[in-house]
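This report concerns only the one structure given below.
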Amino acid sequence: MGTVTMAKALNAALRDAMADDDRVVVFGEDVGQLGGVFRITDGLLAAYGERRCFDTPLAEAGIVGFAVGMAMSGLRPVVEMQFDAFAYPAFEQIASHVAKLRNRTRGALSVPIVIRVPYAGGIGGVEHHCDSSEGYYAHTPGLKVVTPATVPDAYSLLREAIADPDPVVFMEPKKLYFASADATLPVTTEPFGRAVVRRPGRDATLVAYGPSVPVALEAAEAARGEGWDLEVVDLRTIVPFDDETVTASVRRTGRCVVIQEAQGFAGVGAEIAARVQERCFHSLHAPVLRVSGLDIPYPAPKLEHVHLPDVDRVLDAVARLQWDDQPDPRWLAA
Amino acid sequence: MTTTPPAVRRASPRTRRAAAPPDPARALLPSPQPVRLLDESGARIAVAGYPEPPTDSLRELYRRMVIGRRFDLQSTALTKQGRLAVYPSARGQEACQVGAVMAVRDTDWVFPTYRESMALVSRGLDPVEVLTLLRGDWHCGYDPAARRTAPQCTPLATQTVHAAGLAYGEAQQGRDTVALAFIGDGATSEGDFHEGVNFAAVFRAPVVFFVQNNRYAISVPLSRQTAAPSLAYKGVGYGVASEQVDGNDPVAVLAVLTRAVAHARAGNGPFLVEAHTYRMEPHTNADDASRYRDGAEVEAWGGRDPIDRLETHLRGLGVLDDAAVAAIRDEAEAFAADLRTRMNAEPTVDPLSLFDHVYAAPTPQLVEQREQVRAELAAAAENKEVAG
Ligand SMILES: Cc1ncc(C[n+]2csc(CCOP(=O)(O)OP(=O)(O)O)c2C)c(N)n1
Ligand SMILES: [Mg+2]
């Protein structure tokens, strides 16, 4: 047991996966000598050499397309996109090939690649460095979309992503990279497709993933002072989605708030809210509410705090869960 | 018709050799070595096709480079003081930053990257407006339409296609505007660079693609970007004339860029220039360059300082003396002092401005969200008052 950052846990997962399976190769921009701009690949070049860990020309479409070909040859590429918004040049490769090869070829070809994407904000980054792009991937059938919120999950989910037979977009919340926790590595946590109740509670369920999980936990703590006992569910994998755990929680509590950093409109939170009301209608005492980023381009550093979901906004939403069985005044005015 | 004309068949071997068509690719290729008009000591080298720019221009180039470097040092200092969120320095690249913008007119368009803060200041943009992006107030602090300067571009190489479209659009509307697109060595690996050059070539758009090859893309050396003898060779495959230049030789940069701009403006299509240079600072303040390059390399490039080179040349010409150098340094100090004062005043950014300009007119959802944020802010202010 020792204190480990999420960055170190991810690094350890790559190291261990490379040690266990000679087919695992890591490549991308600045992942070699530099060890990645967030140091997630630190030391891999020294440990495994140029064949297993290498810098590529600066071209994201090239990186992902190259990975597709390498996977077809039998290797297990793990590629790094330097930042969320810089993965967009690769989107055609991801949406048209990575996601579809298995289906197009009736299973004859598969591309078990992992595309690591540092994502989301809260780090004071200038434009194009803070996008929450999970919705684009989650909307694309054929891709698994995974996002750890804890140090053990960072290790375990990345190991599972590398071993998975399907392509995985592995979304790493940048603001949690250097958050540390007591953890013993290697560690195996719950598998893909399983959400976890991070904090049990009776009055309402907060559903969160990735960077929003700490916000949800903080809000649940603060809510105690207001007399609410909140449950927090960490999705861990957006695709596959764990209807069972989420549904069971909301049936118990009867109220639900979904939290995501991404802009709200047509986002992952909308999907979750829809699924919950479809499955839990008769258990619900209030509509499922969402707390999300605003429907604006990600703001410049000085205003990002206005955009991001925070404890106050979560508590405001909880307060609007019709505790006195009255309609939400916010929508009455309209 | 596939029959060979009899005239050719009957031609003598000698005539036939003379009639062989010139290789069109040759005219597009860059010089085998980077064009250099000043050697490292500042002594003049004559190169055919590249007359020395007028002395007044060279003095102005010198002045702007000194101010540009002072601006850059001040920006790095402001970053250390926490006044800027991030700063990508161009120290060492002054000849490129200043020489390139001096080769274009105010009515031309410039497409800069994050690296070009110095170039924009040299173009006459307000330094505080230039630094707005890096200070973290808003994504672009100047008026791109008024200044004919696109927002500084971070998604690599994407601006090259915009430059092609802008130049084509201007030409279609009868204007003789040239677009100057900056790009780094690493970014030439992106697909958009190739699409930008090809579009410009096919539509004969007056674009100058200016590659500052500073040898690194963050940590990745040039050898990982290309196997070509020079990045300027990328032009020939697209039918684009190209040249390579010593990017630490201010006279050569200005001369080559002047030729490139004239070529584009005269309707000959785009032109690609690669400048060989070096960034003396890390990629940004957040980078640790010691992980990928050694001090000896940095030191060696320090010996090729572009400002020293031009200063030696101008002193040799007798058009710059101690008094003139001192006056320019004073001007640069005053510039930096003014920048410091203005940057130390923290601007207030209105949170509700987040909802402006997402669309020409806000959607109903944005109107609703704006109202919610306004109410939150009002409540927070009230709480503060009660608490205070
Ligand atoms: C599409 C895209 N991918 C990655 C990045 C991250 N990034 C920012 S600067 C940079 C290196 C660029 O190197 P180069 O083009 O040589 O320009 P320089 O920074 O050296 O001026 C990288 C990889 C980005 N901004 N955009
Ligand atoms: Mg470079």
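The values are calculated or read from the model by the stated rules, or taken from the named source; none is laboratory data. In this text, all values refer to a predicted model and were calculated from it rather than measured experimentally. Every residue, glycine among them, receives a Cβ derived from its backbone with ideal geometry; neighbour counts consider all protein chains shown. Remember, those area values only see protein heavy atoms, side chains included, never the ligands or the DNA or RNA. Shrake-Rupley method; radii C 1.70, N 1.55, O 1.52, S 1.80 Å.
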In region A:40-79, the residues that are of a type in the set (Asp, Glu) and surrounded by fewer than 22 Cβ atoms within 10 Å (Cβ to Cβ): A:42, A:50
Does at least one position in region A:209-221 carry a residue that is in contact with a Gly (Cβ under 9 Å, 6 or more places away or on another chain), touching a residue at least 40 places away in the same chain (Cβ under 8 Å) and more than 17 Å from residue A:289 (Cβ to Cβ)? yes
Just to be sure before I move on: is residue B:177 within 14 Å of the chain's Cα centre (by Cα) and either away from ligand 1 (no atom under 14 Å from the Cβ) or within 14 Å of chain A (Cβ to nearest Cβ) (or both) in the structure I sent? no
Would region A:266-273 turn up any residue that is within 22 Å of residue A:136 (Cβ to Cβ) and part of a loop (DSSP other than H, G, I, E, B)? yes
Taking region A:13-37 and keeping residues open to solvent by less than 20 Å² (accessible area, probe 1.4 Å), of a type outside the set (D, E, K, R) and either closer than 23 Å to residue A:125 by Cα or away from chain B (no Cβ under 14 Å) (or both) leaves A:13, A:14, A:17, A:18, A:24, A:25, A:26, A:28, A:31, A:34, A:35, A:36
Flagged in region A:4-35 as within 16 Å of ligand 2 (Cβ to nearest atom) and of a type in the set (D, E, K, R), in numbering order, are A:29, A:30
Let me confirm something: among B:156, B:133, B:222, which residue is touching a Pro at 6+ places or on another chain (Cβ under 8 Å) and farther than 26 Å from residue B:262 by Cα? B:133
Within region A:43-91, how many residues turn out to be touching a Ser or Thr at 6+ places or on another chain (Cβ under 8 Å), under 18 Å from residue A:13 (Cα atoms) and away from ligand 1 (no atom under 11 Å from the Cβ)? 1
Output the number of residues of region B:103-149 satisfying the condition of being closer than 26 Å to residue B:270 by Cβ, assigned to a loop (DSSP other than H, G, I, E, B) and away from chain A (no Cβ under 14 Å). 12
Considering region A:102-154 alone, what residues qualify as being outside any loop (DSSP other than H, G, I, E, B), open to solvent by 40 Å² or more (accessible area, probe 1.4 Å), free of Cβ contacts under 8 Å to residues at least 60 places away in the same chain and not hydroxyl-bearing (Ser, Thr, Tyr)? A:103, A:104
Of all residues in region A:254-309, which are of a type in the set (Lys, Arg) and out of contact with any strand residue (DSSP E or B) (no Cβ under 7 Å at 6 or more places or on another chain)? A:275, A:279, A:302
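Every residue, every condition in (1) under 18 Å from residue B:61 (Cβ atoms); (2) more than 16 Å from ligand 1 (Cβ to nearest atom); (3) over 20 Å from the mean Cα position of the chain (by Cα), yes or no:
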position	(1), (2), (3)
B:274	no, no, no
B:297	no, no, yes
B:302	no, yes, yes
B:307	yes, yes, no
B:325	yes, yes, yes
Only one of (1) of a type outside the set (S, T, N, Q); (2) open to solvent by 30 Å² or more (accessible area, probe 1.4 Å); (3) more than 27 Å from the chain's Cα centre (by Cα) is not met by residue A:290, so which one is it? (3)
Which count do you get for residues in region A:289-334 that are within 12 Å of chain B (Cβ to nearest Cβ), in a helix (DSSP H, G or I) and over 24 Å from residue A:226 (Cα atoms)? 5
Being away from ligand 2 (no atom under 13 Å from the Cβ), aliphatic (A, V, I, L, M), crowded, with 23+ Cβ neighbours inside 10 Å and over 15 Å from the mean Cα position of the chain (by Cα) is the filter here; which residues of region B:202-222 pass it? B:205
Where residues in region B:161-186 are of a type outside the set (A, V, I, L, M, F, W, C) and either within 15 Å of ligand 2 (Cβ to nearest atom) or assigned to a strand (DSSP E or B) (or both), which of them is most open to solvent (accessible area, probe 1.4 Å)? B:184
Within region B:273-294, can one find any residue that is more than 25 Å from residue B:92 (Cα to Cα) and not hydrophobic (A, V, I, L, M, F, W, C)? no
Residues that are crowded, with 18+ Cβ neighbours inside 10 Å, at least 3 per element: which helices (runs of 4 or more DSSP H) completely within region B:272-356 meet that? B:306-317, B:322-344
How many residues, within region B:195-227, are assigned to a helix (DSSP H, G or I) and away from ligand 1 (no atom under 14 Å from the Cβ)? 6
Spot the failing condition for residue B:131; the list is (1) more than 15 Å from ligand 2 (Cβ to nearest atom); (2) surrounded by fewer than 23 Cβ atoms within 10 Å (Cβ to Cβ), and only one is missed. (2)
Need pairs with beta-carbon distance below 6 Å; first residue within 14 Å of residue A:220 (Cβ to Cβ) and within region A:313-331, second surrounded by 11 or more Cβ atoms within 10 Å (Cβ to Cβ) and among the charged types (D, E, K, R); sequence gap 6+ or separate chains. A:321/A:255
Among the residues that make up region B:228-236, is at least one of them farther than 13 Å from residue B:183 by Cβ and within 16 Å of ligand 2 (Cβ to nearest atom)? yes
Any idea how many residues of region B:287-315 are under 30 Å from residue B:52 (Cα atoms) and small (Gly, Ala, Ser)? 3
Please work out which one of (1) part of a helix (DSSP H, G or I); (2) in contact with a Pro (Cβ under 9 Å, 6 or more places away or on another chain); (3) away from ligand 1 (no atom under 16 Å from the Cβ); (4) open to solvent by 40 Å² or more (accessible area, probe 1.4 Å) is the condition residue B:192 fails and give its number. (3)
Give region B:265-290 a look and list any residue that's of a type in the set (Lys, Arg) and away from ligand 2 (no atom under 12 Å from the Cβ), or say none. B:265
Which numbered condition in (1) touching a His at 6+ places or on another chain (Cβ under 9 Å); (2) at positive phi is the only one that residue A:106 fails? (1)
From (1) within 14 Å of another protein chain (Cβ to nearest Cβ); (2) closer than 30 Å to residue B:173 by Cα, pick out the condition that doesn't hold for residue B:260. (1)
Out of curiosity, is residue B:155 within 14 Å of chain A (Cβ to nearest Cβ), open to solvent by 20 Å² or more (accessible area, probe 1.4 Å) and free of Cβ contacts under 8 Å to residues at least 12 places away in the same chain? yes
In region A:80-101, what residues are open to solvent by 30 Å² or more (accessible area, probe 1.4 Å), in contact with a Gly (Cβ under 7 Å, 6 or more places away or on another chain) and more than 14 Å from chain B (Cβ to nearest Cβ)? A:100
